[in-house]
Each structure stands twice: as C-alpha cells, then as structure tokens.
C-alpha cells in the first residue's frame, strides 16, 4: 500500500449532472482501495474534452445509463432565458433587487444553490478529520462517518420527497441588501433537515 497515491482527480458535476471540471479526492482511510468521492463528483471516465472544449457542447452524466451524453448548447436561447423579454436587466443588480424579479423557479434554484454551498462547506469542514485519521492510521469515529453520510444524502432525500425543498426566506430578502449581508448563510433559506452538528466540528456558516 505504501506506493499508492493518496489522491486522484475525478469529474465534478453540477446538480443537473453537467460536467464542470475536475476535483481532487483522497483515499478512504477505512478502505485503502477506495476513494472518498465528494458530493457533486463522479469517479467515472472523463468526458470527451475535445467535444466540450469549444463551449458549444456540454457533457451531461446519465445516471441510469451510466454514461456521458453530449448536449448542444443553444447560446441564444440561454441568454433569452437568463433575461426574459419585458423584465428589467439583472446585470449589476443587488441580491435584493434580483429577488423581486426572479420567477418562483429561479428562487427555488437560488435556494438549492445556497443549500448545496452550505452542505459542501460542512463536508469540507470534516475533511481535515478524515485526512488526519488517514495520515495517522487511525479510524474515523462512527459519529463523524454518520454525520458525513447524512450530509451526502440530503440531495437524494430531497429528490425522493423525504425532505422538503429549501426556500429563500422572503422576510430576509424583502428587507434589502444590508439585512441580507448581515444574515448568516444558513438563515437565508428555510430548511429543517440539517443533521445534528457534532462537537468536534465548528461550522462558520
């Protein structure tokens, strides 16, 4: 085992399965043959970079077929979707200003992005404990393993309907940017299914 690399690069995807680049993952200290693949990452064959390098095609992972699909990008349609006719420009708009011109679907997407950011940050806060155990040859505690697993399961629980989707807190966004900037990230959304934090880990969010 001594000659094995401690890490490798895997594919990073967004919540829709679209390839967004690569990320580094480390070996599982409990099983040296496995790697700790993070949320929104896939330990699969790299998509055809020559096809997506121009920006005209995107690679999307098909979870059922377990293969990459290549989708042509309609850049004109995307621009129109980002700024529908008849709505005010959002370029340079503040968070509060954007909130008032968002559709319900866009607000749900914003809340989902905030949740993903918090979830990934909380997982990253535990990485140091896992790496420390790996480097010292010790086992990661059961409660840390359980906490990390519960964080990873949040998107699946939402997709299957076990957890309600996060929602932007209107009472925060409607008060303006000063209130938004002075509100903790976790309090920008309504979401009641975070796993109970454990004392070894101090989250800033």
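The values are calculated or read from the model by the stated rules, or taken from the named source; none is laboratory data. Since the structure is predicted, the reported quantities are computational estimates derived from the model, not experimental observations. Heads up, the Cβs are rebuilt from the backbone with ideal geometry, glycines too, and the neighbour counts pull from every protein chain shown.
Within segment 171-181, the set of residues being at pLDDT 90 or above and surrounded by fewer than 14 Cβ atoms within 10 Å (Cβ to Cβ) comprises 171 only.
One residue stands out in segment 27-37 among those that are crowded, with 17+ Cβ neighbours inside 10 Å and touching a helix residue (DSSP H, G or I) at 6+ places or on another chain (Cβ under 9 Å): the one that is farthest from residue 117 (Cα to Cα), namely 29.
Considering 132, 159, 152, the condition of being over 20 Å from the mean Cα position of the chain (by Cα) and either assigned by TED's automatic domain parsing to the domain that holds residue 105 or within 20 Å of residue 203 (Cβ to Cβ) (or both) is satisfied by 132 alone. Residue 124 falls short on exactly one of the conditions (1) under 20 Å from residue 15 (Cα atoms); (2) surrounded by 14 or more Cβ atoms within 10 Å (Cβ to Cβ); (3) at pLDDT below 90, and that condition is (2).
Taking the criterion of being within 18 Å of the chain's Cα centre (by Cα) and either buried (at least 16 other Cβ atoms within 10 Å of the Cβ) or touching a residue at least 60 places away in the same chain (Cβ under 8 Å) (or both), the residues of segment 38-59 that qualify are 38, 39, 40, 41, 42, 59. Take the conditions touching a residue at least 12 places away in the same chain (Cβ under 8 Å), in contact with a strand residue (DSSP E or B) (Cβ under 6 Å, 6 or more places away or on another chain), under 23 Å from residue 23 (Cβ atoms) and crowded, with 16+ Cβ neighbours inside 10 Å and apply them to residue 114. Does it pass? Yes. Just wondering, is there one or more residues in segment 156-170 that are in contact with a strand residue (DSSP E or B) (Cβ under 6 Å, 6 or more places away or on another chain) and part of a loop (DSSP other than H, G, I, E, B)? Among the residues of segment 156-170, at least one is in contact with a strand residue (DSSP E or B) (Cβ under 6 Å, 6 or more places away or on another chain) and part of a loop (DSSP other than H, G, I, E, B), which makes the answer yes.
Evaluated against (1) loosely packed, with under 15 Cβ neighbours inside 10 Å; (2) more than 24 Å from residue 27 (Cα to Cα); (3) modelled with pLDDT under 90, residue 192 falls short on exactly one condition, (3). Residue 110 fulfils the conditions (1) within 17 Å of the chain's Cα centre (by Cα); (2) at pLDDT below 90 except for a single criterion, (2). Residue count for segment 38-54 under the criterion of being modelled with pLDDT of 85 or more and in a loop (DSSP other than H, G, I, E, B): the result is 6.
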